Amino acid sequence: MDMTVVLVSLIIALGGFTQGLTGFGLALVSVPLLSMVVDAKMAVPIAGIFGWLVTFPIVWKMRHSIQYKAGLILVAGSLPASIVGAKLLASLPSQYILITMGVVLIASSIHSMRSTKPAFSKTSVPVTVGTGFASGVLGASVGEAGPPVIAYTSMQPWTADQAKSTLVFFFMLQMIGAIVSFWNEGLFTPDVNSLVVSAMPAFLVGMTGGMVGYHFLQKYKINYHHIVHGLLLVIGCVLVLKNVSF
């Protein structure tokens, strides 16, 4: 078997496990690693298609826990923000935007991990719209739409099932635009399609393993929110360190 196929399969399995466990992270884990194995123009659509596919079984399995109103408001808030994001991309260096996002993630994660109760006592429509808008801005400007919504869902007075399912529901709807864009730009090349098909078994194993892992988190009452905030803290630190010039 081609070593490229093996490496891509292992990376996608890791990404699938991460998203199956936490509800996010396939692209965050996969794109940097895939870029070491294949061209970035292949890495992004490969991660994108698997990042979209992983949402469907999770949404179906957890459909009774989804906070549909909040999820749809988040999506609605993100749609007009792409215009602002595009303008920011044109007028500001992307590292400034990423550093700001990193600092916000670090501060919110530390606060939430130290707090004994959720940051919000109830779901606020203005906060939900604002979070969706911030996600849309970051998605259009630097391609990182996830962190604001991940932080938002983990700070709500929701159960772990409600937070994870609503987050994945948002990603499922939001990714439709990205998939269409990849198609229109001709990024689904024969090589990309071949690697997607070859990595599919590993993806299914990784995703299933993550979902089983999540079940054990709940069974043994391991704090899901602390795991999410811990990952966000790491992501925030990476964003700051990667984009600060010493």
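The values are calculated or read from the model by the stated rules, or taken from the named source; none is laboratory data. Every value quoted in this text rests on a predicted model; they were computed, and no experiment measured them. Backbone-built Cβ (ideal geometry, glycine too); neighbour counts: all protein chains shown. Note: accessible area is taken over every heavy atom of the protein model, side chains too, but ligands, DNA and RNA are not part of it. Shrake-Rupley method; radii C 1.70, N 1.55, O 1.52, S 1.80 Å.
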Just to be sure before I move on: is S112 in a helix (DSSP H, G or I), within 19 Å of G136 (Cβ to Cβ), open to solvent by less than 50 Å² (accessible area, probe 1.4 Å) and touching a helix residue (DSSP H, G or I) at 6+ places or on another chain (Cβ under 7 Å) in the structure I sent?
no
Just to check your reading of the model, which residue among G25, G77 is under 14 Å from the mean Cα position of the chain (by Cα) and in contact (Cβ under 8 Å) with a residue 12 or more places away in the chain?
G25
Limited to the stretch 174-188, what total is found for residues that are under 21 Å from S78 (Cα atoms), open to solvent by less than 50 Å² (accessible area, probe 1.4 Å) and out of contact with any Gly (no Cβ under 8 Å at 6 or more places or on another chain)?
1
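Right, M36: outside any helix (DSSP H, G or I) and surrounded by fewer than 19 Cβ atoms within 10 Å (Cβ to Cβ) or not? Step through it out loud before you land on a result.
On the way: outside any helix (DSSP H, G or I): yes; surrounded by fewer than 19 Cβ atoms within 10 Å (Cβ to Cβ): yes.
In short, yes.
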Just one of the numbered conditions (1) touching a helix residue (DSSP H, G or I) at 6+ places or on another chain (Cβ under 7 Å); (2) at pLDDT 90 or above is not true of S141; which one?
(2)
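When residues of the stretch 66-99 are filtered for being assigned to a helix (DSSP H, G or I), open to solvent by 30 Å² or more (accessible area, probe 1.4 Å) and not hydrophobic (A, V, I, L, M, F, W, C), how many remain?
Initially, the stretch 66-99 is screened for residues assigned to a helix (DSSP H, G or I), giving 68-78, 81-91, 94-99.
Next, only the ones that are open to solvent by 30 Å² or more (accessible area, probe 1.4 Å) stay: 68-69, 72-73, 76, 82-84, 86-91, 94-96, 99.
Now drop any that are not not hydrophobic (A, V, I, L, M, F, W, C), which leaves 68-69, 82, 87, 91, 94-96.
Qualifying residue count, the stretch 66-99: 8.
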Within the stretch 45-65, track down each residue that is without any contact (Cβ under 8 Å) to a residue 60 or more places away in the chain and either surrounded by 15 or more Cβ atoms within 10 Å (Cβ to Cβ) or closer than 17 Å to G210 by Cβ (or both).
A47, W60
